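Single-structure report; data block below.
The values are calculated or read from the model by the stated rules, or taken from the named source; none is laboratory data. Keep in mind that what you see is a predicted model, and the values were worked out from it rather than measured. For neighbour counting, all protein chains shown are included, and Cβ atoms are generated from backbone atoms with ideal geometry for every residue, glycine included.
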Amino acid sequence: MDTLTHIVAGASIGEAVLGKKVGKKAMLWGALAGNAPDADAVMNFFITDVDSLVMHRGLSHSVFTALIFGPILGWFLWRMYIRKEADWKAWAFMVTINIFFHLFLDTCTVYGTGLFTPFTDYRYAFDTIFVADPLYTLPLIISVIALLFLSKNHKSRTTWNKTGLALSSLYMLFAFFNHSNAIKAVERAAKEKNIKSELFQATPTLFNNILWNVVVKDSGGYWMGNYSIFDEDPTPDLYFVNENSQLLALLPNQQDISKLKQFANGYYCVTIEEDKTRFNVIRFGTVNGWDNPNSKFAFSFDLTPGANNSMVVQDGRIEGSKPEVITSMMERMKGN
């Protein structure tokens with residue numbers, strides 16, 4: 001999830017766990033603990049673009065790291081406030097649960113999270129929510145702002161905090177429900193086209209949980225389409241995209257290509273655009289596939305030696321944020 005979401009979620013959890021004991025500093029340290037796993041972003045300045053993709057949400061997002069460093073960081077906070085309102089176990093619990101909640105939120109998105117690094121390179125992703133979804137974050141923002149203004153012992157603090165956490169949690173359940181329906185939709189579409197596969201994906205489009213990219217993996221490529229929860233016909237139209245994996249064999253630096261395949265969890269295709277060979281991760285979807293089946297992929301890594309891919313994840317989001325794309329997406333969300 002985005003940094004703002006981790007901040008307000010961390011502050012809310014800090015308030016829930018330690019607010020009554022230590023006051024508003026529980027929100028401060030909760031917000032920082034909620035962002036602690038993303039400290040791995042510092043390494044981006046020292047490693048290659050490919051290694052940055054594989055490293056992010058790797059060891060720092062492992063459950064083993066959380067179990068080790070959560071109590072350690074909690075102990076340091078207790079030392080800062082020794083002989084005061086809470087013991088070290090309470091601080092350790094607050095930090096640890098915040099780190100685990102960070103891992104949970106990240107696992108809900110499409111990027112993929114290495115929960116069991118270093119023992120496996122597999123990236124876990126529920127694909128249920130976009131990395132920045134305003135409707136998830138807004139209740140937490142409102143409640144945290146209210147908590148900042150209310151006094152430590154104000155009788156409404158618990159109500160504000162519980163309401164923010166409850167509304168965001170209900171929205172997350174809504175996201176899981178929509179994801180399940182999107183998977184069922186692409187299963188119906190595959191059956192209708194007589195596609196013999198049980199490998200399906202559904203990922204949310206930009207900033208919403210209404211319109212979904214849907215994919216079924218087939219021999220030699222992928223059937224792709226879009227599904228809105230407001231579609232009158234709940235069976236999406238699918239179009240075929242060739243995997244073109246044979247194009248990779250002719251390229252240098254096969255080690256980087258192997259890492260990209262690992263990052264993609266096997267769901268990728270290769271395209272040639274303007275004489276450039278691009279590695280596209282399927283789960284990120286296309287920029288505006290609902291309007292144009294030939295739309296570029298949101299995650300498109302330029303395999304040209306020396307190419308700058310430092311913004312490869314953000315580039316697709318920026319492209320998808322253009323006014324004309326947002327307008328067409330909102331129309332498609334309505335079921336049009």
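Kindly indicate whether LYS184 is among the charged types (D, E, K, R) and either assigned by TED's automatic domain parsing to the domain that holds VAL281 or modelled with pLDDT of 95 or more (or both). Taking the combined requirement at face value, the residue satisfies it. Within the span defined as region 258-274, every residue fails to be at positive phi, modelled with pLDDT of 90 or more and either among the hydrophobic types (A, V, I, L, M, F, W, C) or buried (at least 18 other Cβ atoms within 10 Å of the Cβ) (or both). One residue stands out in region 170-184 among those that are touching a residue at least 12 places away in the same chain (Cβ under 8 Å) and among the aliphatic types (A, V, I, L, M): the one that is surrounded by the most Cβ atoms within 10 Å (Cβ to Cβ), namely ALA182. Taking region 241-336 as the region of interest, the helices (runs of 4 or more DSSP H) fully inside it that hold 1 or more residues being among the β-branched types (Val, Ile, Thr), touching a strand residue (DSSP E or B) at 6+ places or on another chain (Cβ under 6 Å) and under 28 Å from ALA41 (Cβ atoms) are 312-320. Pairing residues of region 322-336 that are closer than 9 Å to ILE210 by Cβ with residues that are aliphatic (A, V, I, L, M) and assigned to a loop (DSSP other than H, G, I, E, B), at Cβ distances under 7 Å and at least 6 apart in sequence or on separate chains, gives MET333/ILE210.
Scanning region 109-124 for residues that are surrounded by fewer than 17 Cβ atoms within 10 Å (Cβ to Cβ) and among the charged types (D, E, K, R) yields one hit, ASP121.
Yes/no matrix, rows are residues, columns are (1) of a type in the set (D, E, K, R); (2) in contact with an Asp or Glu (Cβ under 7 Å, 6 or more places away or on another chain); (3) farther than 18 Å from VAL216 by Cα:
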{"residue": "ASP275", "(1), (2), (3)": "yes, no, yes"}
{"residue": "VAL281", "(1), (2), (3)": "no, no, no"}
{"residue": "ASP291", "(1), (2), (3)": "yes, no, yes"}
{"residue": "ARG317", "(1), (2), (3)": "yes, no, yes"}
{"residue": "GLY320", "(1), (2), (3)": "no, no, yes"}
{"residue": "ARG332", "(1), (2), (3)": "yes, no, yes"}
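Within region 151-169, being surrounded by 15 or more Cβ atoms within 10 Å (Cβ to Cβ) and either over 22 Å from PRO134 (Cα atoms) or more than 27 Å from the chain's Cα centre (by Cα) (or both) holds for one residue alone: ARG157.
Listed by first and then second residue, the pairs with beta-carbon distance under 6 Å, at least 6 apart or on different chains, first residue in region 24-45 and in the same structural domain as TRP91 (by TED's automatic domain parsing), second at pLDDT below 95 and not in a helix (DSSP H, G or I), are ASP40/HIS56. For residues that are touching a residue at least 24 places away in the same chain (Cβ under 8 Å) and not acidic (Asp, Glu), tally how many sit in region 185-203. The qualifying residues number 10. Listed by first and then second residue, the pairs with beta-carbon distance under 6 Å, at least 6 apart or on different chains, first residue in region 274-293 and within 17 Å of ARG123 (Cα to Cα) and not assigned by TED's automatic domain parsing to the domain that holds GLN314, second surrounded by 15 or more Cβ atoms within 10 Å (Cβ to Cβ) and of a type in the set (A, V, I, L, M), form an empty list.
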